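A short worksheet on the structure shown next.
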Amino acid sequence: MPKPTYITTPIYYVNDRPHIGHCYTTSLADCLARFHRLSRGQKHDVFFLTGTDEHADKVVTSAAAHGMSPIEWADRNAAEFERAFAFCGLEYDDFIRTTQPRHKTKVLEYIRELQKRGDIYLGNYEGWWDASQEEYLTDTAAKDADFKSPVTGVALVKRIEKNYFFKLSAYQDRLKAYIDANPNFILPVSRRNEVLGRLRENLQDIPISRGVTDDPTSQWGIRMPEDPTHRIYVWIDALFNYLTVVDTPERIHLWPADVHLMAKDILWFHAVIWPCLLMALDRPAPKTIFAHSYWVREGRKMSKSLGNFVTIEVLEAYINKYSLDAVRWYMLTQGPHDKNDADFSHQRFVEIYNADLANGIGNCASRVGNMIDKYLGGVLPEGVKEATTPGVKPLSAATSDAVATAIRALETCDIYSALTAGTQIVHEVDQFINLTAPFKLAKTIEANPAAKLELADILYTCAESIRIASYLLSPALTTKMPALWAAWGCAPAQGVPLEMAAAFGGEYALKPGAKVGKGEILFMRADAAEPAPA
Ligand code: MSP
């Protein structure tokens, strides 16, 4: 039995409310999880984890600013994340909070284990502290960034601390060898090259603790084992979440993680520090670290100071107006999945909505459903078989190519190519309808009964291709494709791998006698002149 696919998102800081960035990464993970389930045919073949990172100093300061205790503030915001994810239709298998005992106990075990193995020592650390990112920068990095946070612009502060260190430097060669041997370890390729470039310099050991003082912020977090004057650095605590959740007798078979998804901001922690911690613990490293780029808004970085976040309220307004599937589709196909940032633009949203959904799969399915209803009484007759047209690739071949493309794309987490393999089928069906003109043929049926058979073959070929397209689109269009399946009685068979379920004319195909209903309109056309929903 192959190992279930284990997919994770970053665990998000609870000092703030969720916005499109968090929903985007979690939607990518959700879509990838659904694609893998579809591809493998079994629900339990995939495990999808998300959650919240709660021991950051800024949780304490935000909580205080709101007159709450850190845990009250964390409870409130963790619930906000869960609510936002539910609204975005995200179905994860577990939600980890780093304040949960199941996590804290395991983190202590790992730190003890590292100490036992001689990978942790007490030393002095001098560096530039970026309070906004909870992160130290080296002298060079601080200078390059003009002594400001490269992410938020907040001024860096020079700090000297007594800290426990992890011997990161000892793992440089093993890490480099692992990256070289696994071309899909860091994706996309541009990010892999970035990390390899930085690895040409020697890795320094890293502090993994912070001193505990009288300051309330420093009281928050997990204490170092046997040394209550130190607490574990929030990033080390957080990275362990991927392992703590599955490090139980029932779940350990899930390890190593197949895909850790995130944005470029936290790639270094995941692609360098995390695998080295695992190597030190003698645990297998994750298979893929996938780092996408950023959403920006109308060309500008989203930030608190600009107050231009695409908030969860904005997403909700779009979902209420255009449907959940429309928002998922826009994020998943137009998002910053590769090396470029992506702009959230209302005009683009409407364009894509109309092109891919209203005039794309929606129109194509309703056209074919209506013709089957009108010309064939809503039932595929006996003896239907594939129709082809000269000079054009048969739809049986086009659909099987599309399915193969989608399955291959999953290996590199290329959701965009996997989903557009589905829209490609829709384009080919549209083209086939234009070439074969079934509506014209229908007019000749009375005079020529053989034309009816030909017409039935054409419409069967279209419907069968749309069935296959709908499977490839379903990991994004999670409510509209099931609506189509209900009208056409063609939901993908449970427990059957995609390649078989989606074989044109195969065991699970639309069969003679199948009722292909008209169905509801899946996506109403959107008016580009209307303002963005508020
Ligand atoms: N808590 C750490 C992660 C620890 S993982 C062991 C953290 N949290 S965060 O709340 O700041 O979330 C960062 C992540 O949110 C990014 O890596 C990305 O997944 C998502 N995004 C936040 N803003 C984003 C954009 N503007 N665009 C796309 N995604 C971004 O870092």
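The values are calculated or read from the model by the stated rules, or taken from the named source; none is laboratory data. Small disclaimer: the values here were computed from a predicted structure and weren't measured. No Cβ is skipped: glycine too gets one built from the backbone with ideal geometry, and neighbour counts run over all protein chains shown. Surface areas here come from the heavy atoms of the whole protein model, side chains and all, with no ligands, DNA or RNA. Shrake-Rupley method; radii C 1.70, N 1.55, O 1.52, S 1.80 Å.
Brief remarks on what is shown
- Flag for Leu306 being modelled with pLDDT under 95, of a type in the set (A, V, I, L, M, F, W, C) and farther than 23 Å from Ala86 by Cβ: yes
- Residue within segment 164-182 that is farther than 23 Å from Leu114 by Cβ, open to solvent by 60 Å² or more (accessible area, probe 1.4 Å) and modelled with pLDDT under 95 present: no
- Pairs meeting the criteria (first residue in segment 189-217 and on the phi < 0 side of the Ramachandran plot, second residue exposed (fewer than 12 other Cβ atoms within 10 Å of the Cβ) and not polar (S, T, N, Q), beta carbons under 7 Å, at least 6 apart or on different chains) are Val212/Pro228.
- Residue within segment 251-262 that is open to solvent by less than 20 Å² (accessible area, probe 1.4 Å), at pLDDT 95 or above and more than 16 Å from the ligand (Cβ to nearest atom) present: yes
- Index of the failed condition, Ala450 passing every other in (1) out of contact with any Leu (no Cβ under 8 Å at 6 or more places or on another chain); (2) in contact (Cβ under 8 Å) with a residue 12 or more places away in the chain: (2)
- Screening Asp325, Asp343, Asp338 for residues that are over 30 Å from Ile208 (Cα atoms) and crowded, with 17+ Cβ neighbours inside 10 Å leaves exactly one candidate, Asp325.
- The requirement of being more than 16 Å from the ligand (Cβ to nearest atom), more than 22 Å from Pro101 (Cα to Cα) and either out of contact with any strand residue (DSSP E or B) (no Cβ under 7 Å at 6 or more places or on another chain) or open to solvent by less than 50 Å² (accessible area, probe 1.4 Å) (or both) is satisfied by Phe185.
Okay, residues lined up against (1) under 29 Å from Lys452 (Cβ atoms); (2) aromatic (Phe, Trp, Tyr); (3) open to solvent by 30 Å² or more (accessible area, probe 1.4 Å):
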position: Leu357; (1), (2), (3): no, no, no
position: Lys374; (1), (2), (3): yes, no, yes
position: Lys385; (1), (2), (3): yes, no, yes
position: Gly391; (1), (2), (3): yes, no, yes
position: Ala397; (1), (2), (3): yes, no, yes
position: Ser400; (1), (2), (3): yes, no, yes
position: Asp414; (1), (2), (3): no, no, yes
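- Among residues of segment 20-49, those that are within 10 Å of the ligand (Cβ to nearest atom) and within 8 Å of the chain's Cα centre (by Cα), counted: 5
- Test: residue in segment 149-172 that is farther than 25 Å from Gly307 by Cα, of a type in the set (Lys, Arg) and in contact with an Asp or Glu (Cβ under 6 Å, 6 or more places away or on another chain): yes
- Subset of segment 1-10 (residues that are crowded, with 23+ Cβ neighbours inside 10 Å and of a type in the set (A, V, I, L, M)): Ile7
- The residues listed here are Leu278, Leu306; of these, the one that is out of contact with any strand residue (DSSP E or B) (no Cβ under 6 Å at 6 or more places or on another chain) and open to solvent by less than 10 Å² (accessible area, probe 1.4 Å) is Leu278.
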